[in-house]
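Visitor: I have a structure I would like to understand better, so I am pasting it below and will then ask my questions one at a time.
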Amino acid sequence: MVRRRPGVHQPWQDVDLGLWHTAHADPHGLVWAVTPPCGRGRWALYPPGAPTGGAYPYKDVAPASTHPTAGFGGDHDWLALADVEAWMRPWVERVSGGRVLAMVEGWGATYGPRNSLREYVIYARVEVTR
């Protein structure tokens, strides 16, 4: 889980990711999603169209790629996109075969009991070059 300093407002908390989430849901779209380790020890990268419905996002969905947290922040670090973008951008580009045009972080779509939970997510808009 990416933890934030208690009581400190983060700028990404104000970002409305509704359009990014909708674009990521399109299997023919250009938006990839990156989820934090959340106890798994690895960041996970999901291609456009990866199912996010159900009780929990990406439950039983294999990611396109994973990236270890060692040296890149993880369960015990205070992170933001600015902290991980330097290694994340080339990783997304390598796996997607495109060039990252924009990245944004914030809360993903609601999930869980009564849609009362939200998970931190990073979306990357990729220009396909292959």
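The values are calculated or read from the model by the stated rules, or taken from the named source; none is laboratory data. Bear in mind the structure is a predicted one, so any value in this text is a computation, not a measurement. So basically every Cβ, Gly included, is an ideal-geometry build from the backbone, and we count neighbours across all protein chains shown. Just the protein is used for accessible areas: all its heavy atoms, side chains included, with ligands, DNA and RNA removed. Shrake-Rupley method; radii C 1.70, N 1.55, O 1.52, S 1.80 Å.
Visitor: Taking the stated definitions as given, is Arg94 modelled with pLDDT of 95 or more and surrounded by fewer than 19 Cβ atoms within 10 Å (Cβ to Cβ)?
Guide: When the stated conditions are applied, Arg94 passes them.
Visitor: When only residues in region 77-91 that are of a type in the set (Gly, Ala, Ser) and open to solvent by 70 Å² or more (accessible area, probe 1.4 Å) count, which is farthest from Arg42 (Cα to Cα)?
Guide: Here is the first cut: in region 77-91, the residues of a type in the set (Gly, Ala, Ser) are 80, 82, 86.
Restricting the remaining residues to those that are open to solvent by 70 Å² or more (accessible area, probe 1.4 Å) gives 82, 86.
Values: Ala82: 18, Ala86: 17 Å.
Only one residue fits best here, namely Ala82.
Visitor: Return the residues of region 26-59 that are at pLDDT 85 or above, more than 13 Å from the chain's Cα centre (by Cα) and open to solvent by 50 Å² or more (accessible area, probe 1.4 Å); say none if nothing qualifies.
Guide: Asp26, Pro27, His28, Leu30
Visitor: Would you be able to tell me the number of residues in region 97-116 that are surrounded by fewer than 14 Cβ atoms within 10 Å (Cβ to Cβ) and either closer than 17 Å to Thr35 by Cβ or out of contact with any Lys or Arg (no Cβ under 6 Å at 6 or more places or on another chain) (or both)?
Guide: Going through region 97-116, the residues surrounded by fewer than 14 Cβ atoms within 10 Å (Cβ to Cβ) turn out to be 97, 99, 101-102, 110, 112-116.
Then keep just the ones that are either closer than 17 Å to Thr35 by Cβ or out of contact with any Lys or Arg (no Cβ under 6 Å at 6 or more places or on another chain) (or both); that gives 99, 110, 112-116.
Of the residues in region 97-116, 7 are surrounded by fewer than 14 Cβ atoms within 10 Å (Cβ to Cβ) and either closer than 17 Å to Thr35 by Cβ or out of contact with any Lys or Arg (no Cβ under 6 Å at 6 or more places or on another chain) (or both).
Visitor: If Ala124 satisfies all but one of (1) more than 13 Å from Val31 (Cα to Cα); (2) among the small types (Gly, Ala, Ser); (3) not in a helix (DSSP H, G or I), what's the number of the condition it fails?
Guide: (1)
Visitor: Please enumerate the residues belonging to region 64-76 that are among the hydrophobic types (A, V, I, L, M, F, W, C) and either at pLDDT below 90 or open to solvent by less than 20 Å² (accessible area, probe 1.4 Å) (or both).
Guide: So in region 64-76, the residues among the hydrophobic types (A, V, I, L, M, F, W, C) come out as 64, 70, 72.
Passing the criteria: Ala70, Phe72.
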